[in-house]
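Taking it in order: structure first as structure tokens, then the write-up.
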Amino acid sequence: MLSDPFQLIPKHFPDRPRILARAGDIERSRSHAEQGTWFQVALKRLLDNADNPLAVPSELPAPESNEIQQFLTEATRQALAFHHTDKEEYRDRALALFRKISAAYLSWPILLGHYRGTTNGLAESRFTLSMAQGYDLLAATDLDAEDDELFRAALSSTRDTSDRSEHKTCGNHNSWALVARMSAGISLEDSKLIQDALYGWEFEGVYQYGLVHQLRHDWLADGFHWERTPGYHYYTLMAFTEAALMLQHSGVNLWDKKLPSQDEQSDRDLHRAYGPNGLKTLKSAFDVPFYMAFANGDLSLVHDSGLVNLRGAWIWGPIYELAWQAYGDEKYAWLLNKIESDYRGSSERKFPQLPMSLEASKGEFDFVRIRDVAVPEGSFKLNDNCQISLTGRHEQKCTLLPTTGVTVLRAKEPDGLSTSIFWGPHSAGHQSPAALHLDIWSDNRMLTCAPTSGGYGDPNHLTWVRSTIAHNTVTVDETAMFPCDEESDSIWEADSWRNRPSDGELLLFQPGERLSACRVRNESVYPGVKLDRTIVLTSDFVLDIFRVISGGTHLYDYATHLHAELCQPGGTPIDMAERRGYQHLREAVLLNTGGSKRTVSLDWNTSGPRQRSIHLLPPDSKLIAAKPPELAEGMPHKQLGAIREDDPRELILVRTRCESALFVTLWTKQDAEIEIVLESGEAAEDLCFVIQGRTGTQRMSLPFDEPRAALSSEVPPPSVHAP
């Protein structure tokens with residue numbers, strides 16, 4: 001008797017096909033093509049490729065060649081072409097190729113303990129999914145018994161690789177292994193395989209988590225994926241979209257399934273984000289990126305993401321087309337239309353008449369899954385308050401994701417100043433040591449930036465991307481934050497591997513009409529040192545107050561990396577030494593701060609309006625400008641969703657050696673004519689600032705023990721009289 005506590009295993013299996021698409025989907029795409037819509041272009045693309053089939057060698061190359069997937073793709077192409085045309089030559093080619101692949105697959109040994117058709121786990125999962133899709137399409141054509149037996153035997157044997165998957169718990173690798181197992185189960189009508197994929201199973205004494213566990217725990221209570229990078233959020237969501245679609249084709253609605261949040265530890269969890277009690281759905285995973293983004297869709301690039309803007313979501317295929325079909329949410333339609341508009345005329349668009357998502361790797365086949373010829377305009381407004389899953393809050397255009405550890409403050413004007421600060425734990429290998437990293441957005445552009453990489457093979461990835469000095473936060477004693485403080489040779493570090501939490505703490509989330517503010521703290525990443533950062537946002541400026549509090553003397557480096565160039569070049573060259581991260585800084589110069597002067601204004605050239613930073617320097621501090629490393633030769637960086645060249649990069653660094661330090665920076669436009677003075681307070685005290693601007697003089701108070709931000713007018717603005 002199968003256990004199915006959440007009623008997710010199909011009670012019966014409808015007629016084939018049901019993995020890639022249903023018969024009704026194919027009929028609809030045929031009909032749309034006959035009517036001369038863009039489906040005609042998509043179908044022609046498929047048939048043109050099918051009419052120029054791959055030359056198949058008498059013996060397939062060994063899996064180590066990484067060429068097998070292309071032959072499996074060819075078999076699927078021919079089978080789908082047959083379903084769209086009823087031409088037997090397509091079916092014959094698909095059958096001949098699938099026979100060859102199935103026989104070869106059954107003869108191949110399992111390599112390195114867990115590979116058979118490919119040379120890595122993710123590719124193996126995608127290979128299994130492709131086998132399930134190909135068999136399903138062919139089985140819908142009345143296979144003879146001998147072919148059916150061979151194909152089923154090959155597909156059944158894929159359980160040998162999913163049994164042995166290296167990743168068995170919370171990560172995206174396991175998500176794809178589970179989707180692969182589910183695809184085999186639905187294609188073979190094997191309910192036990194489907195149960196395994198949903199609820200997990202044990203192999204050789206080791207338990208492998210299922211998709212239900214991931215839905216309850218690994219999609220966090222505010223909707224974001226626990227690895228905490230938008231790129232991997234979408235890569236994992238791509239897998240869950242496959243699962244939801246396959247189950248939908250078999251009469252099960254995973255899209256809307258409400259599952260109770262996991263509220264206690266389970267076996268080998270890789271992270272500690274449990275609860276709170278409540279029901280979660282997959283929809284939150286589609287929603288939350290909208291609330292992490294700035295007004296034009298730009299995203300912070302902290303950690304291993306590479307996704308510059310929401311428009312880049314097409315790279316993961318038609319996930320938002322399918323979400324639109326499942327939920328009818330107008331913001332999904334809005335994003336789909338934004339993608340089409342933003343990429344109009346783009347060189348990445350090889351088929352300008354097709355939806356951009358069909359430029360992705362499986363776009364040749366995915367058109368059959370799309371229901372609508374056109375998507376309505378849709379709507380998305382950041383000024384609409386809402387709750388995101390169980391713990392996420394969006395109020396007065398500001399967003400708090402307390403389980404992920406991200407706060408986004410946005411100005412009321414569409415192109416006004418906005419900020420994003422990451423204060424969550426370092427719980428995943430795809431993260432960098434960047435607690436309290438701040439990003440600033442202004443005039444429809446990212447003003448700040450995070451380090452770029454040519455990929456995990458980039459020689460600078462370990463020594464630059466995984467350093468703290470490469471991020472917009474404070475580095476203590478030229479050492480990366482825990483868990484990257486030991487300077488190992490691994491780019492995959494997480495706090496759980498050393499049994500020590502790295503969590504930050506939210507002290508303040510204050511969205512408001514006149515000003516918005518947040519305050520966050522971390523006492524876990526540098527033993528004996530308290531990092532405490534307050535961000536205040538108004539329509540005129542961003543005020544960044546970074547308190548570093550310690551009982552001992554340390555070297556503190558407060559860095560900000562910018563998509564900008566300093567307008568006041570020059571200075572005295574300074575040696576930044578050879579500690580990890582620091583050795584990459586180029587053209588470092590010590591800027592002249594005017595001797596004892598503690599307030600310095602710097603102007604910055606950007607691709608938009610000039611920006612200004614006003615620095616209130618700690619006593620005996622140095623102000624240093626430098627350039628980050630260029631990408632290593634042969635390591636091109638692809639920013640997902642970018643539609644223009646990356647801006648020049650520079651960083652400004654305030655360095656001081658002391659016990660406790662107060663770093664203050666005000667960011668505004670060059671023509672804003674703002675002055676700021678620290679009237680009273682030090683790092684561990686109440687702070688009071690006097691801010692002079694065009695509208696008069698204001699006093700801002702920031703209590704230390706009772707976190708809040710208050711702004712009061714001292715001198716009223718001059719009255720304006722009509723001429």
Search the structure for amide H atoms under 5 Å from the amide H of V406, placed 1.01 Å from N in the peptide plane, and list their residues when 5 or more places away or on another chain.
L401, W423
For segment 290-322 and segment 109-170, what is the centre-to-centre distance using only Cα atoms, to the nearest Å?
31 Å
About the Cα centre of segment 659-715, how large is the charge dipole given +1 on each Lys and Arg Cβ and -1 on each Asp and Glu Cβ? Please answer in debye to the nearest 20.
340 debye
Sorted by chain and then number, the residues having a modelled amide H within less than 5 Å of the amide H of G200, at least 5 places away or on another chain, are G210, L211
Distance in Å, no decimals, from the C-alpha centre of segment 465-543 to the one of segment 177-239 is 31 Å
Note, N460: beta-carbon cut-off 15 Å, +1 each Lys/Arg, -1 each Asp/Glu, net -1
Which of the GluC sites (Glu not before Pro) found in segment 1-70 are in a DSSP loop and have at most 11 neighbouring Cβ atoms, other than their own, within 10 Å?
E59
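Given C-alpha coordinates of segment 405-715, what is the ratio Rg to Rh with the Kirkwood estimate of Rh?
0.94
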Would you mind working out the magnitude of the charge dipole of the chain relative to its Cα centre, with +1 at each Lys and Arg C-beta and -1 at each Asp and Glu C-beta, to the nearest 20 Debye?
1020 debye
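Could you grab the relative contact order for the chain? Cα pairs under 8 Å, six or more apart, rounded to a whole percent.
Taking the mean separation of contacting Cα pairs over the length of the chain, I get 9 percent.
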Relative contact order for segment 1-111, counting Cα pairs under 8 Å that sit 6 or more residues apart, in percent:
18 percent
In order through segment 549-556: 3J(HN,Hα) via Karplus (6.51 cos²θ - 1.76 cosθ + 1.60), integer Hz, x for Gly, Pro:
10, 8, x, x, 7, 9, 8, 10
18 Å reach of a label modelled at L631, 7 Å along Cα-to-Cβ, counting backbone N of segment 439-460
449-460
Can you check what the net charge comes to around D25, using other residues whose Cβ is under 9 Å from the Cβ of D25 (Lys, Arg +1; Asp, Glu -1)?
+3
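So, counting K/R as plus one and D/E as minus one, what does the shell of residues with Cβ under 11 Å around G693 add up to?
Numbers: positive: R694; negative: D540, E673, E675.
Surrounding charge for G693 is -2.
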Give the calculated FRET efficiency between Y207 and S347 to the nearest 0.05, with a Förster radius of 35 Å applied to their Cβ-Cβ distance.
0.15
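Past 23 Å, Cα to Cα, is the threshold; run K283/K350; K530/K669; K331/K397; K44/K350; K338/K381; K258/K412 against it and keep the listed order.
K283/K350; K530/K669; K258/K412
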For helix 172-188, report the angle its Cα long axis makes with the longest principal axis of the Cα atoms of the chain; keep it between 0 and 90° and round to the nearest 10°.
20 degrees
Based on the Cβ-Cβ distance from S361 to S713, what FRET efficiency comes out when R0 is 51 Å, to the nearest 0.05?
0.35
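Among D269, D4, what is the fewest-to-most ranking by other Cβ atoms within 10 Å?
Going from least to most buried by this count: D4, D269.
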Out of these labelled values of log10 I(q)/I(0) by the Debye sum over Cα atoms at q = 0.08, 0.12 Å⁻¹, [x] -0.87, -1.51; [y] -0.67, -1.32; [z] -0.75, -1.36, which was calculated from the coordinates shown here?
[y]
Using alpha-carbon positions, what is the distance between the centroids of segment 332-404 and segment 665-688, in Å?
39 Å
Give me R580, R655 ranked fewest to most by other Cβ atoms within 10 Å of their Cβ, as a rough exposure proxy.
R580, R655
Please arrange F422, F380 by how many other C-beta atoms lie within 10 Å of their C-beta, fewest to most.
F380, F422
Karplus-derived 3J(HN,Hα) from phi for segment 425-430 (6.51 cos²θ - 1.76 cosθ + 1.60, θ = phi - 60°), whole Hz, x at Gly and Pro, runs x, 9, 10, 9, x, 7
How far is it, in nm, from the label point at D705 to the one at E675 when both lie 7 Å from their Cα along the line to the Cβ?
3.4 nm
If each residue of separation counts as 0.36 nm, what is the full-extension length gain between N383 and Q568 once their alpha-carbon separation is subtracted?
62.8 nm
Out of residues 5 or more away from L507 or on other chains, whose amide H comes under 5 Å of its own, with H placed 1.01 Å from N in the peptide plane?
R519, V520, R521
Nearest 10, in degrees from 0 to 90: the angle of helix 330-342 to the longest Cα principal axis of the chain is 80 degrees
Karplus-derived 3J(HN,Hα), 6.51/-1.76/1.60, for each residue of segment 577-591, Hz, glycine and proline x
6, 10, 5, 4, x, 5, 5, 8, 5, 10, 6, 6, 9, 8, 7
Compute the angle between helix 88-107 and the longest alpha-carbon principal axis of the chain, please, reported from 0 to 90 degrees and rounded to the nearest 10.
80 degrees
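Where a number appears in this text, it was derived from the coordinates with a stated rule and is not lab data. Not measured: the values here are computed from a predicted model. Here Cβ is always computed from backbone atoms with ideal geometry, including for glycine, and neighbour counts include all displayed protein chains.
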